[in-house]
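Single-structure report; data block below.
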Amino acid sequence: MAARWIERVTGPWEQKRRYWRYKVRRRALPAHHRTAVEGLDRYVVVTGGIARGDVLVQMLEDLVELFEQSAADGLSVTDVVGADPVEFAETFLATYDDARWVTHQRRRLDETIARASSLEQHGARG
């Protein structure tokens, strides 16, 4: 019973396990790839506005997998992110757009304005 209450407050244990495994994988990267992943991690977590923990963990796993593969292939950090790291990060985040908080709020605003317009067209008052 206590475990369910804790999970309700903090999120599922499996997500935490996956996140801890991600951190282990990140630490195992070569220094230059690890530094890049740490920076990208910070950027996407702070600016990404991912509203669901499962999607956030999946996104970080995908990020570390990309850099694991690039390290194995002998690619440089610049080969992976290109000349503009912010553009890379924003493009990467766009892949997870449905889970972003701002996307939810945009939909909500669209629905509210559509409802208001419908009320206006039907002459509703009050």
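Here the range 92-126 is the region considered, the condition is being not in a helix (DSSP H, G or I) and not β-branched (V, I, T), and the residue that is nearest to V57 (Cα to Cα) is Y96. Within the range 62-94, the set of residues being surrounded by fewer than 16 Cβ atoms within 10 Å (Cβ to Cβ), within 14 Å of the chain's Cα centre (by Cα) and either charged (D, E, K, R) or closer than 24 Å to E14 by Cα (or both) comprises D62, E90.
Residues that are charged (D, E, K, R) and touching a residue at least 40 places away in the same chain (Cβ under 8 Å) do occur in the range 66-87, at least one of them. Looking only at residues in the range 1-60 that are in a loop (DSSP other than H, G, I, E, B) and at pLDDT 90 or above, the one that is surrounded by the most Cβ atoms within 10 Å (Cβ to Cβ) is L29. Is it fair to say Q69 is over 13 Å from A36 (Cβ atoms), modelled with pLDDT of 95 or more and of a type in the set (S, T, N, Q)? Against the criterion (over 13 Å from A36 (Cβ atoms), modelled with pLDDT of 95 or more and of a type in the set (S, T, N, Q)), Q69 qualifies. Here V80 meets each of (1) in contact with a Ser or Thr (Cβ under 7 Å, 6 or more places away or on another chain); (2) in a loop (DSSP other than H, G, I, E, B) with one exception, condition (2). Remark: pairs (first residue in the range 99-120, surrounded by 10 or more Cβ atoms within 10 Å (Cβ to Cβ); second residue not hydrophobic (A, V, I, L, M, F, W, C); Cβ separation under 8 Å; 6+ apart in sequence or on different chains) = A99/R52; R100/G48; R100/G49; W101/G49; V102/G49; T103/D97.
The values are calculated or read from the model by the stated rules, or taken from the named source; none is laboratory data. In this text, all values refer to a predicted model and were calculated from it rather than measured experimentally. Here the Cβ is made from the backbone with ideal geometry for all residues, glycine too, and neighbour counts use every protein chain on show.
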